[in-house]
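I have placed the structure first, in the form of structure tokens, so that the comments after it can refer back to it.
What follows draws every value from the coordinates through simple rules; no lab data is involved. None of these values were measured; they are calculated from a predicted model. Neighbour counts run over all protein chains shown; Cβ positions are idealised from the backbone, glycine included.
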Amino acid sequence: MSGFLEGLRCSECIDWGEKRNTIASIAAGVLFFTGWWIIIDAAVIYPTMKDFNHSYHACGVIATIAFLMINAVSNGQVRGDSYSEGCLGQTGARIWLFIGFMLAFGSLIASMWILFGGYVAKEKAIVYPGIAVFFQNAFIFFGGLVFKFGRTEDLWQ
């Protein structure tokens, strides 16, 4: 996934090297914003607890925390190239990243459970809040992946 932008067909006409971090950051920001925009839209359209249980916002909050945890450590810290001090060093960075990915996958799976268990299986007339919860978490998850693996650390020096 790290070489995502190099694999595009127009790599000869555009120099992705210097713009890679900018493009990946903007794309991740747009995905993150779109996820929260969708859930805010659902909360505004369905303000009652009968149509949309507002405790379902917890999935999006956990996905946001996971987004921050995943991107708090650099790839160099995980590999052990640039991080040797601290309370746990490279092992601590790997544990932190693993917990972040567990939270991200957990919130995505929980949003699927909310969609299918809370709306589809119960055959409710209104399904949009469940779809909104799922898409919020999917957009935040993919935004975190783009922000983590779409950028390169070589341009930081």
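Placing dummy labels 7 Å off each Cα toward the beta-carbon, the span from residue 51 to residue 112 is 2.8 nm. Among residues other than residue 27 with Cβ under 14 Å from its Cβ, the summed charge is +4 (Lys and Arg +1, Asp and Glu -1). Cα extents for the stretch 22-150 along the principal axes, largest to smallest and rounded to whole angstrom: 55, 29, 19. Over the stretch 22-150, Cα pairs under 8 Å with separation of 6+ residues give a relative contact order of 45 percent. In loop segments of the stretch 107-155 as defined by DSSP, the trypsin sites (Lys or Arg not before Pro) with at most 15 further C-beta atoms inside 10 Å of their C-beta are 122, 124. Computed from the Cβ-Cβ distance with R0 of 22 Å, the FRET efficiency linking residue 61 to residue 124 stands at 0.40.
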